[in-house]
1. Filter region 99-115 for residues that are over 16 Å from Val218 (Cβ atoms) and either assigned to a helix (DSSP H, G or I) or β-branched (Val, Ile, Thr) (or both) and give the result.
2. Say whether the condition of being among the basic types (Lys, Arg) and closer than 30 Å to Pro204 by Cβ is met by at least one residue in region 300-318.
3. Just one of Arg291, Arg314, Arg318, Arg322 is more than 14 Å from Ile239 (Cα to Cα) and either crowded, with 20+ Cβ neighbours inside 10 Å or in the same structural domain as Ala85 (by TED's automatic domain parsing) (or both); which is it?
4. One residue is enough: does region 258-279 have a residue meeting the conditions touching a residue at least 60 places away in the same chain (Cβ under 8 Å), at negative phi and loosely packed, with under 15 Cβ neighbours inside 10 Å?
5. Out of all the residues in region 88-96, is one or more among the charged types (D, E, K, R) and in a helix (DSSP H, G or I)?
6. Mind listing just one residue for me: the one in region 299-324 that is at pLDDT below 90 and of a type in the set (S, T, N, Q) and, of those, farthest from Ala88 (Cα to Cα)?
7. Yes or no: Arg150 closer than 29 Å to Asn19 by Cβ and surrounded by fewer than 22 Cβ atoms within 10 Å (Cβ to Cβ)?
8. Which condition breaks for Lys15 when tested against (1) of a type in the set (D, E, K, R); (2) on the phi > 0 side of the Ramachandran plot; (3) part of a helix (DSSP H, G or I)?
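The values are calculated or read from the model by the stated rules, or taken from the named source; none is laboratory data. Small disclaimer: the values here were computed from a predicted structure and weren't measured. Cβ coordinates were reconstructed from backbone atoms using ideal geometry, including for glycine residues, and neighbour counts include every protein chain displayed.
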Amino acid sequence: MYQTTITSWALLVAKAISNSDHNSQEIFDRAGLDFSKLHDPNARYSYQGMTRLWRMAREVTCDPCIGIKAASYWHPTTLHALGYAWMASGTLKEALERTVRYLHIVSTATGLFLEQQNDTTRLVFPNIDDTGPATEAMDAAFAVLVDMCRTSYGPEFRPVYINMNRSQPECEMEFTQMFGIPVNYSSSENAIGFSNKDLNRILPTANAELARVNDRIVAQYLLDLDKDNIVSQVKYKIIQQLPSATLTEELIAKSLNKSLRSLQRKLTEQNISYKELLDTTRQELAFDYIRDNRYSINEITYLLGFSEPSNFSRAFKRWTGRSPSAHRASLIAL
C-alpha cells in the first residue's frame, strides 16, 4: 500500500533546515519532494520521500538534535484538525485516544496503541517494517507529543518514562531538557509512559463542542483519503446519522451504495461488525456530550440514537461501570 504523510508535518523539517542557515527548498528537491506542496494544507508526501528528507536534514545540518528542534515549530495545524481536537479534549487520555484513532491523518505509514499497566498507561509506536521511520522523525514525534501534553496540561507535565530504540545521541542533554527526564536509549521499543492520574485530570483547555466539530473534519478527511477503507466509511456514516432512532445497518449499507450482505462481508474481512462500530462510536461521542453541561441526559440519548434514556444508561454503565449522571457528577467534582 502507498504510504503518505501530510505536508504540514514536513513543514517542521523545512523550518528546522532554514533555521540552520541552509536552503530547505534545495533539500526538498534532492529528496524528490515538491516544495510548493507545503502551502497546501491537505497535500501529502510519500513516506519514502519523508524518510529521505529527515535523513538529508540530519546530514546537511550535522545536527543530531534536528528532530527535537524541528518539533519546536509545531502548531495545532501540524496535525490538521486532529491538532485542534487534541487541544479541545477533556483529558490527556481522551487526547491520546484521539491520536491513536486518527493518526493516519498525519501519516498512514505508522500506528499507535495504548496499553494500561497498573498506575501508568503506555503509548507505543510499533515498528511497521524492518527499516522503520527515520530516527529523526521519531525524535520529532516524541517531542511534539510531550510538548502538546504540556500545552494542554501545564508546563509542569512530565512523562513517567521515555523508551527509545535509537542509540544515545551526542546531544543527549538536549533530549533530557526537552522531555524533563532522562531517556532510556537502545530500548526494544519506542514508547512513552504516562501517569494515569495525569491522564485523567480535566484539562483547562477542554471544549467538547470544538472537539466534536474537529473530529468530524478528521473523519471526513480520512474518508476522502482512503475511499476503500470500509471501517472509516461506516463510522463516518454512523456519526452523520446517529441522531435517528431508525438508524440501521441496512440504511448504512444503502447510503454507501452497497447491499447489506456486501457490507457485512467487508466488515468481517476487517474483523469487526457493524454492531461493534456503532457501540464504539456512541461511546466516544457520549464522553464528549456528558462533559458538555448544555446537554441533558435526555438530549444525549437522542443525539446518540438511543430510543430511551434507560437504554443509554445501560450502555453507559457497561462502558464505565456507572450511570451517565454519576459520571457527570464526578467530572464536576474534579
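1. Answer for region 99-115, where residues must be over 16 Å from Val218 (Cβ atoms) and either assigned to a helix (DSSP H, G or I) or β-branched (Val, Ile, Thr) (or both): just Thr110.
2. Yes, that holds for at least one residue.
3. Arg291
4. Scanning region 258-279, I find no residue that is touching a residue at least 60 places away in the same chain (Cβ under 8 Å), at negative phi and loosely packed, with under 15 Cβ neighbours inside 10 Å, so the answer is no.
5. yes
6. Of everything passing the filter in region 299-324, Ser307 is farthest from Ala88 (Cα to Cα).
7. Yes: the conditions hold for Arg150.
8. (2)
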